[in-house]
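Participant: Encoded as structure tokens, here's the structure I'll be asking about.
Every read-out reported here was derived from the displayed coordinates using simple, explicitly stated rules and does not represent laboratory data. The structure presented is a predicted model; accordingly, all values stated were derived computationally and were not measured. Here the Cβ positions follow ideal geometry from the backbone for every residue, glycine too, while neighbour counts run over all protein chains shown.
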């Protein structure tokens with residue numbers, strides 16, 4: 001009964017926040033003269049932060065590197081487990097433009113706000129669309145605003161880390177911008193599949209050290225990609241108390257294995 005009432009409260013609060021935020025964001029956008037729409041985007045992320053805070057079922061822990069200069073541009077990459085990843089990552093105290101499926105921009109209200117904030121739509125089936133994403137993202141980096149990618153392309157259904165696409169890493173090398181890896185865990189339990197009720201979850205978000213791209217060329221794309229992916233795997237394995245091979249989805253999992261549900265040892 002308690003979880004039902006908490007979920008009803010949370011959904012009601014989220015709806016109210018979204019309805020109130022749209023006109024607020026539209027007004028901010030009118031006066032935002034920054035070429036990166038930095039202030040508009042930052043206020044949009046604050047909506048995600050508010051959505052996280054009104055949910056009594058979520059406990060969020062953010063650790064890792066501190067970004068002293070929010071206008072230092074990074075190519076930010078993260079693993080992807082759930083739709084809850086977006087409001088959780090939005091709690092980070094700097095702005096970044098998100099590369100997201102073009103379909104999301106067509107959703108009333110939330111899609112309108114994504115456009116106001118300057119997020120970047122991509123149609124993964126269209127090569128021209130993918131090329132435009134990199135051009136737009138590079139311009140944001142030049143305008144001193146970070147960009148955010150989920151290089152797996154979609155959320156992980158089994159909690160393991162799947163193959164990364166090259167786009168974010170090609171961009172980082174071309175723009176000579178450092179890659180900033182994020183690691184998330186616990187969000188698979190935030191909204192269980194086929195349920196409208198929020199699950200009780202302890203969510204962890206860690207900012208790993210930036211990876212320099214200084215002096216790298218296009219030939220180094222694969223090595224950079226695997227270096228970053230390996231760092232994320234290592235952190236997930238440490239949190240879950242399992243071997244890195246268990247996390248890596250390019251290595252066949254054991255029978256009935258679900259590494260995301262493997263309990264971590266005390267103190268992990």
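Participant: When 130, 188, 33 are ordered from fewest to most other Cβ atoms inside 10 Å of their Cβ, what list results? Provide the component values of the computation, followed by the final result.
Facilitator: Numbers: 130 15, 188 24, 33 7.
If I rank by nearby Cβ atoms, fewest first, I get 33, 130, 188.
Participant: Could I ask something else about it? Go ahead and run the numbers for FRET between residue 226 and residue 202, Cβ-Cβ distance against an R0 of 41 Å, rounding to 0.05.
Facilitator: Numbers: r = 29 Å, r/R0 = 0.71.
Computed FRET efficiency for residue 226 and residue 202: 0.90.
Participant: Let me ask something else. Using only Cα atoms, locate the centre of region 56-114 and the centre of region 163-178, then give the distance between them in Å, rounded to an integer.
Facilitator: That distance is 18 Å.
Participant: Using the number of other C-beta atoms within 10 angstrom as an exposure proxy, rank 133, 15, 75 with the fewest first. Working shown, then result.
Facilitator: Working: 133 23, 15 11, 75 31.
Ordered by Cβ neighbours within 10 Å, fewest first: 15, 133, 75.
Participant: Let me ask something else. Test of understanding: in a Gaussian network model of the chain with alpha carbons linked when under 10 Å, which of 228, 107, 77 would top the mean-square fluctuation ranking?
Facilitator: Ranking 228, 107, 77 by mean-square fluctuation puts 107 first.
Participant: Can you figure out the FRET efficiency of residue 129 with residue 5, using R₀ = 51 Å and their beta-carbon distance, to the nearest 0.05? Let's see the in-between values first.
Facilitator: On the way: r = 43 Å, r/R0 = 0.85.
With R0 = 51 Å, the Cβ-Cβ based efficiency is 0.75.
Participant: Give the relative contact order (percent, whole number) for the chain; include only Cα pairs under 8 Å separated by 6+ residues.
Facilitator: Details: 465 pairs, mean separation 59.5, N = 268.
It comes to 22 percent, rounded to a whole number.
Participant: Now for a different question. Give me the percent of Cα-Cα pairs in region 2-252 that sit more than 33 Å apart, rounded to a whole number.
Facilitator: Values: 5135 of 31375 pairs.
Distances greater than 33 Å cover 16 percent of the Cα pairs.
Participant: Now for a different question. Order these by the 10 Å Cβ neighbour count, fewest first: 195, 129. Write out the running numbers ahead of the final one.
Facilitator: Numbers: 195 9, 129 14.
If I rank by nearby Cβ atoms, fewest first, I get 195, 129.
Participant: Then there's this: Which whole-number percent is the relative contact order of region 1-143 (Cα, under 8 Å, 6+ apart)? Please list the in-between numbers first.
Facilitator: Values: 130 pairs, mean separation 39.8, N = 143.
The normalised contact order for region 1-143 reaches 28 percent.
Participant: Provide the gained length on full extension for the span residue 18 to residue 243, in nm with one decimal, where the gain is 0.36 nm per separating residue minus the Cα-Cα distance. Intermediate results must be reported in sequence, preceding the final value.
Facilitator: On the way: separation 225, 0.36 × 225 = 81.00 nm, distance 4.08 nm.
Roughly 76.9 nm would be gained on extension.
Participant: Could you calculate the contour length gain from residue 139 to residue 107, that is, 0.36 nm times the residue separation minus the distance between their Cα atoms, to one decimal place in nm? Each step should come with its number before you reach the end.
Facilitator: Details: separation 32, 0.36 × 32 = 11.52 nm, distance 2.55 nm.
Extra length available between residue 139 and residue 107 comes to 9.0 nm.
Participant: What FRET efficiency comes out for the pair residue 34/residue 67, r = Cβ-Cβ distance, R0 = 22 Å, nearest 0.05? Working shown, then result.
Facilitator: On the way: r = 18 Å, r/R0 = 0.83.
Step by step, r from the Cβ atoms, then E = 0.75.
Participant: Of 53, 128, 206, which has the largest mean-square fluctuation in a 10 Å C-alpha GNM of the chain?
Facilitator: 128
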